[in-house]
Structure formats: C-alpha cells, structure tokens
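Chemist: Before I ask anything, here is the structure I am working with.
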There are 2 protein chains.
Amino acid sequence: MSKPSVAILGLGIMGSGMARRLLSANFPLAVYNRNREKSLPLAADGAFVADTPREAASRAQIILSMVADDTASRSVWLGETGALAGASPGSILIESSTLTVGWIQELAAKAAERGCRFLDAPVTGSKPQAASGELLFLVGGTADVIDATRPVFSVLSRDVIHMGPVGSGALMKLVNNFMCGVQAASFAEGLSLIDAAGLDRAKAIAILTGGAPGSGIVKRVAERVAAEDFTPVFALRWMAKDLGYALDGASGRGVSLPIASAALAMFRRAIAEGLGDEDFSAVTKSPAG
Amino acid sequence: MSKPSVAILGLGIMGSGMARRLLSANFPLAVYNRNREKSLPLAADGAFVADTPREAASRAQIILSMVADDTASRSVWLGETGALAGASPGSILIESSTLTVGWIQELAAKAAERGCRFLDAPVTGSKPQAASGELLFLVGGTADVIDATRPVFSVLSRDVIHMGPVGSGALMKLVNNFMCGVQAASFAEGLSLIDAAGLDRAKAIAILTGGAPGSGIVKRVAERVAAEDFTPVFALRWMAKDLGYALDGASGRGVSLPIASAALAMFRRAIAEGLGDEDFSAVTKSPAG
C-alpha cells in the first residue's frame, strides 16, 4: 500500500517532532510554518517547504495542523492562502492543536462544505513522545475517517482513542489540561504556605510528590522548582489559554468550574507579572496572598 | 531495653490499627475511646481499657491522640478527666490527628506547663498502612523528643520526617491534604464537563488517571466512581475540615489559597446535599454548575 501524502501545518516542538517521524517513515511530506526558518532542517531531510498553508494542503491527502491557539488555527485554515482553499475534496483534515470546541465545530462544518473529512485529534505527550511516535491521540469524528488515517496515526502514536463525534477529542484534551493547570497552581499555593511557615522546601516537596497528590504534572513542576529552571517546554500563557478554553466549553454547557477559574486567575496574575513566556511551572514564582 | 508504656486516645480506623500494632509488639498499652465498645477487641488482646483519657494517660510514658478534629482533641486532652491532667511530668504527648496549627501550639504550651514533652506527628497513609506499621509521620518538635519516641515510631511507621519546630508537622499535613482535596474536587469538575458533553466516562477516566493528572488521590477517587461505592474510609466532612484548617493556617500567615477555597466550597455544597458522611470521593456526586 503506498503511503498517503501528508501536510503538517505548524512546526513548533510538537509539529516538528511529528514531521520528522513521518519523514523517517518515508511519507511524502509538505510542511508549512509561519516562520520559514523552522522548515529548513526538514527540507534537508526531504520535506517540501510550502510558502502558504494552501500550497502545503494542495499537495496532501492528509492535512494536520499543530498550532498554538484558535487564532493561529483560523489563520492556517482560512482565507485566500489558507489550507481549506488548497485542500482537495476527499482529503482528511486533522486539527491536533488544543482549541475551543466551538472553533473545532465551525472548522468541521467548513471542511464538510468543501467535501473534506475532518477529525479533531489533540494529543497528550510532549516533545519526547512526539519524537518517538508515542503520542496519545484523543479523537473526535467518525470511525471510518479514523480508520483512513491509521497509516499516519500508527507512525505518530502509541494509541488512538475515539472519544465520540467531532469536538469530543478537543473537549477531552481541555479536561485533561485544566486538571493539570489546577494541580500545578494548587502546588504553587502549597509552596506559598510552606515558605510562609518556614518549612524546608526540599522535604516538603519530597513528601508531596511521593504521596497521594504526587501526579506526573506535580512531579514535573516540582523538578523545575528544584532546578530553578523555567525554560519553557509548555509556556505558562498556553496553560492559561487551555484553562480559559475549558471554561469557555463548560459555560457553553451550563457547567461551572470554580476551581479551574481560581487556577486561571493565578496563571493570569503570573502573566501580568511577566511570567507568560516561561514554563507553566513558573506559576510557583507568583506568590499567593 | 524495656518498652515504654503507651496510651492511645481515639480508636477510629487509624488509632485502632496503631493500637493493634503496639500490642503485637508487646508494648504495655492503655486505650481510651469515647465509645467504649471499640475498645473491647483490644482488651481481649491485652490492652487496658481506661474510662477516661486521664486514666489512660496516667498509665503511660508516651501518650498518643488520634481523633477527628480540634474539638475532639480538646476534649481528650483538657478538663478534669482529660489526658493532660493524668500525664506524668516527663512523659511525651503526641498529637497525631490532623488539626489546626493554632490549637497544636496551644496544646504544646499546656504540655510544657505540665512538664511534659510534645510532638505534633500527623501521619500519611490510611487503614492498610496503620495496620501494617507503614505510616509516614510528619513531625514537629525537637530532635531529642523524636529520638525518645523512636521505639514507638519504629513499630508504626516506614519513616519519620522531622519538619521543624512544633506545628510544622501539622502544617505539612494540611498542605498535603488540601492538595488532595483540590485534586479530588477538580476531578469532580472534570467529570461534570465530561458528562455534560456526553463523553464516555470510562474512557475519559482511563485517560485522566493514566495521564499527567493521574495522582494517587485521583486514582482513588476514580476507583470509587467506577465502583459507585462511597462507603466512607475518609469521610467527605473530614476533607472539608482539612481544607478549612489549611485555609485557617494560611490566613494566619497572610497567605491566600483561592484554589483550596474553591474546593472547600464544593465540599461544603456536597455536605449541604447530605453527602458529608460518605467517602470524600462522593464530591463527584455533587454536580458543578
């Protein structure tokens, strides 16, 4: 079976890792990035570097976007030079960014108008999982479209979970991320109290990470705090964005998320203090109280 | 070296487990419980059943309290029939309940007036760890008193962590527990949104517990939700109490904990809905929104 041609739109940490995996597996690949510089190493390995999302899309049967937020996603898909204008009827559009459910549903409708198939397929996992093809895709859409995308998913992921109709993958990702944001911000609150009481931070952190609240996300934040290294892998402003998107999705369904709201307020304060471009674990540098 | 005599005040799940461990290791043991019924199985195994905390304390070199809250602690230690009145000068008083730092400091002062030594030594771990002697003690006090208590700690615990002066153990425990409460309540928020969006609960729970937010406490709540079993091991009203005590300790130090406050509001609403005596994981039954 010949490999489907693929376009990747957005070459941040995640998109680049995916593109490299696909090149290694000999998929015909076109790439687009707003800043063209990031495309060049992939060009050296055989990727076609497109000047516009439209051009990338016109060369691909499967078009995957991996960008920062709704605004960036609108800009790669829509307009004269956008990917929708270049996509052939019958091609599969995949939005793997973490976006609002509202925009996902709007985009799916536009894809259908053009005769394209659509999946929302955000991922869990970070840089190492993108590089090693061990992402977890949380997918909204229909089973036949997922099956048609398997050749690509199998190179990029350890598993693909079909959550339900279009928008279900996006919503699941937002729940996962708002819980991560809450846990990180709650750990920051804990550290504030530990510091205010004059307790030994290292002992306290070992107890919290080794005990019942010691999730993967809490451990990750704790490692950054211990190393005093807030170089961004997932920037604080993106965590704030995800909390905001989750709240948006919840309010549209009449669900209130008071804890996530409180966490968002902490991240927003950290952004106001100039920490938005640091790793989200820098929320621990923004003292409570 | 002969074993020190011990008194255990409070024979709930934790106190009973500790008492049984000490009996198995042949410590001379006196026990007191407000409801005398709970003492009887221990009497059959050789414990002296005291009629008052004072009587239990008068027979012991090391007196350990393990009760529900500040009110219960005041009632076992203070007054005519309280343990302080029975404690010999030089004996060691240990408060292992999860209490406010303010009351712990007041109690430590009263112990000093009486010529007794004092530790606040709350534990992490639950019924199985109490029964198997694998609790973790988080201790506030001085190193010499901890050393004098080692024979008892070594039978009850896998480790003893000296957090600092009196009150430090209590504060550390409150930070641990408020983070647990926040994570449980945040998981409840997540489930509300998952339900409102019509996603498959089992798939969603597997993703959350298997991923970055999947702490021990989140997994424990998820198991109860999956089994629809909210038989209390740690009652919801005790989680609310711990969140309230943490907020009390924080406000006394000028630290605000907005996320813990939002979680407390969720637990309080669950109590208002009649869920206070169920397991704290029943917070997931109190819909957000």
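Chemist: From the list B:PHE118, B:PHE137, B:PHE48, exactly one residue is of a type outside the set (A, V, I, L, M), more than 17 Å from B:LEU156 (Cα to Cα) and crowded, with 21+ Cβ neighbours inside 10 Å. Which is it?
Modeler: Details: B:PHE137 fails: more than 17 Å from B:LEU156 (Cα to Cα); B:PHE48 fails: crowded, with 21+ Cβ neighbours inside 10 Å.
Unique residue meeting the criteria: B:PHE118.
Chemist: Output yes when any residue across the range A:101-113 is farther than 22 Å from A:LYS3 by Cα, assigned to a loop (DSSP other than H, G, I, E, B) and either touching a residue at least 40 places away in the same chain (Cβ under 8 Å) or not acidic (Asp, Glu) (or both), and no when none is.
Modeler: The initial filter retains those residues of the range A:101-113 that are farther than 22 Å from A:LYS3 by Cα, namely A:101-113.
From what's left, assigned to a loop (DSSP other than H, G, I, E, B): none.
Checked against the condition, which is being farther than 22 Å from A:LYS3 by Cα, assigned to a loop (DSSP other than H, G, I, E, B) and either touching a residue at least 40 places away in the same chain (Cβ under 8 Å) or not acidic (Asp, Glu) (or both), the range A:101-113 yields no hits at all.
Chemist: Out of B:ALA250, B:ALA260, B:ALA240, which single residue is more than 10 Å from chain A (Cβ to nearest Cβ), in contact with a Leu (Cβ under 8 Å, 6 or more places away or on another chain) and farther than 24 Å from A:MET163 by Cα? First the steps, then the outcome.
Modeler: On the way: B:ALA250 fails: more than 10 Å from chain A (Cβ to nearest Cβ); B:ALA260 fails: more than 10 Å from chain A (Cβ to nearest Cβ).
Checking each option against the conditions leaves just B:ALA240.
Chemist: Which of the residues that make up the range B:186-197 are at the interface with chain A (Cβ under 7 Å from one of its Cβ atoms) and over 19 Å from B:PHE267 (Cβ atoms)?
Modeler: Once the filter is applied, which keeps residues that are at the interface with chain A (Cβ under 7 Å from one of its Cβ atoms) and over 19 Å from B:PHE267 (Cβ atoms), the range B:186-197 yields B:ILE194, B:ALA196, B:ALA197.
Chemist: Show the residue pairs that are 6+ apart or on different chains and have beta-carbon atoms under 7 Å apart, the first residue being within the range A:221-239 and over 17 Å from A:GLY190 (Cα atoms), the second being part of a loop (DSSP other than H, G, I, E, B) and open to solvent by less than 30 Å² (accessible area, probe 1.4 Å).
Modeler: What qualifies is A:ALA235/A:GLY276; A:LEU236/A:LEU275; A:LEU236/A:GLY276; A:ARG237/A:GLY276.
Chemist: Okay, moving on. Look at the range B:255-284 and say how many of its residues are in contact (Cβ under 8 Å) with a residue 60 or more places away in the chain and either hydrophobic (A, V, I, L, M, F, W, C) or open to solvent by 10 Å² or more (accessible area, probe 1.4 Å) (or both). Reasoning before the result, please.
Modeler: In the first step, residues of the range B:255-284 are kept if they are in contact (Cβ under 8 Å) with a residue 60 or more places away in the chain; the result is B:257, B:259-260, B:262-264, B:266-267, B:280-281, B:283-284.
Subset that is either hydrophobic (A, V, I, L, M, F, W, C) or open to solvent by 10 Å² or more (accessible area, probe 1.4 Å) (or both): B:257, B:259-260, B:262-264, B:266-267, B:280, B:283-284.
Adding up the residues that qualify gives 11.
Chemist: Moving to a separate point now. Go through the range B:128-142 and count every residue that is within 14 Å of chain A (Cβ to nearest Cβ) and over 20 Å from B:LEU107 (Cβ atoms).
Modeler: 5
Chemist: In addition: Scan the range A:214-225 and tell me whether some residue there is touching a Pro at 6+ places or on another chain (Cβ under 7 Å) and hydrophobic (A, V, I, L, M, F, W, C).
Modeler: The first filter runs over the range A:214-225 and keeps only residues touching a Pro at 6+ places or on another chain (Cβ under 7 Å), leaving A:215, A:217.
With the extra rule that they be hydrophobic (A, V, I, L, M, F, W, C), the set shrinks to A:217.
Yes, the range A:214-225 contains at least one residue that is touching a Pro at 6+ places or on another chain (Cβ under 7 Å) and hydrophobic (A, V, I, L, M, F, W, C).
Chemist: Now a separate question. Condition test on B:PHE178, is it within 11 Å of chain A (Cβ to nearest Cβ) and among the aromatic types (Phe, Trp, Tyr)?
Modeler: Values: within 11 Å of chain A (Cβ to nearest Cβ): yes; among the aromatic types (Phe, Trp, Tyr): yes.
Against the criterion (within 11 Å of chain A (Cβ to nearest Cβ) and among the aromatic types (Phe, Trp, Tyr)), B:PHE178 qualifies.
Chemist: Another question, if that's okay. Would you tally the residues in the range B:127-175 being under 17 Å from the mean Cα position of the chain (by Cα) and among the small types (Gly, Ala, Ser)?
Modeler: 10
Residue by residue, here is whether (1) outside the structural domain of A:LEU119 (by TED's automatic domain parsing); (2) part of a loop (DSSP other than H, G, I, E, B); (3) among the acidic types (Asp, Glu); (4) open to solvent by less than 60 Å² (accessible area, probe 1.4 Å) holds:
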| position | (1), (2), (3), (4) |
| --- | --- |
| A:LEU11 | no, yes, no, yes |
| A:ARG21 | no, no, no, no |
| A:ASN26 | no, yes, no, no |
| A:VAL31 | no, no, no, yes |
| A:ILE63 | no, no, no, yes |
| A:SER73 | no, no, no, yes |
| A:GLY79 | no, yes, no, yes |
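Chemist: How many of the residues making up the range B:241-254 are part of a helix (DSSP H, G or I) and either over 19 Å from B:PHE187 (Cβ atoms) or open to solvent by 10 Å² or more (accessible area, probe 1.4 Å) (or both)? Even if it seems obvious, please write down each step before you answer.
Modeler: Going residue by residue through the range B:241-254, those that are part of a helix (DSSP H, G or I) are B:241-251.
Then keep just the ones that are either over 19 Å from B:PHE187 (Cβ atoms) or open to solvent by 10 Å² or more (accessible area, probe 1.4 Å) (or both); that gives B:241, B:244-245, B:247-251.
Adding up the residues that qualify gives 8.
Chemist: While we're looking at this one, here's another question. Could you check the range B:169-195 and list, in sequence order, the residues that are of a type in the set (Gly, Ala, Ser) and either open to solvent by less than 10 Å² (accessible area, probe 1.4 Å) or without any contact (Cβ under 8 Å) to a residue 24 or more places away in the chain (or both)?
Modeler: B:GLY169, B:ALA170, B:GLY181, B:ALA184, B:ALA185, B:SER186, B:ALA188, B:GLY190
Chemist: Could you run through the range B:206-231 and say how many residues are of a type outside the set (Phe, Trp, Tyr) and either open to solvent by 20 Å² or more (accessible area, probe 1.4 Å) or not assigned by TED's automatic domain parsing to the domain that holds B:SER281 (or both)? Outline the logic, then answer.
Modeler: Applying the first criterion (of a type outside the set (Phe, Trp, Tyr)) to the range B:206-231 yields B:206-229, B:231.
With either open to solvent by 20 Å² or more (accessible area, probe 1.4 Å) or not assigned by TED's automatic domain parsing to the domain that holds B:SER281 (or both) added as a condition, the list becomes B:206, B:209-212, B:216, B:219-220, B:223-224, B:226-229, B:231.
The number of residues fulfilling the criteria is 15.
Chemist: Here is a further query. Check the range B:149-166 and report whether any residue there is at negative phi, of a type in the set (Lys, Arg) and touching a helix residue (DSSP H, G or I) at 6+ places or on another chain (Cβ under 7 Å).
Modeler: In the first step, residues of the range B:149-166 are kept if they are at negative phi; the result is B:149-163, B:165-166.
The next check asks that each one be of a type in the set (Lys, Arg); those that pass are B:150, B:158.
Keeping just the survivors that are touching a helix residue (DSSP H, G or I) at 6+ places or on another chain (Cβ under 7 Å) gives none.
For the range B:149-166, residues at negative phi, of a type in the set (Lys, Arg) and touching a helix residue (DSSP H, G or I) at 6+ places or on another chain (Cβ under 7 Å): absent.
Chemist: Does B:ASP159 satisfy being of a type in the set (Asp, Glu) and either more than 9 Å from chain A (Cβ to nearest Cβ) or surrounded by 20 or more Cβ atoms within 10 Å (Cβ to Cβ) (or both)? I'd like the intermediate steps shown before the answer.
Modeler: On the way: of a type in the set (Asp, Glu): yes; either more than 9 Å from chain A (Cβ to nearest Cβ) or surrounded by 20 or more Cβ atoms within 10 Å (Cβ to Cβ) (or both): yes.
Considered against the rule, which asks whether it is of a type in the set (Asp, Glu) and either more than 9 Å from chain A (Cβ to nearest Cβ) or surrounded by 20 or more Cβ atoms within 10 Å (Cβ to Cβ) (or both), B:ASP159 comes out as yes.
The values are calculated or read from the model by the stated rules, or taken from the named source; none is laboratory data. Every value quoted in this text rests on a predicted model; they were computed, and no experiment measured them. Neighbour counts are summed over all protein chains in view; Cβ atoms, including those assigned to glycine, are modelled from backbone coordinates with ideal geometry. What goes into the accessible areas is simple: the full protein's heavy atoms, side chains included, and nothing from ligands, DNA or RNA. Shrake-Rupley method; radii C 1.70, N 1.55, O 1.52, S 1.80 Å.
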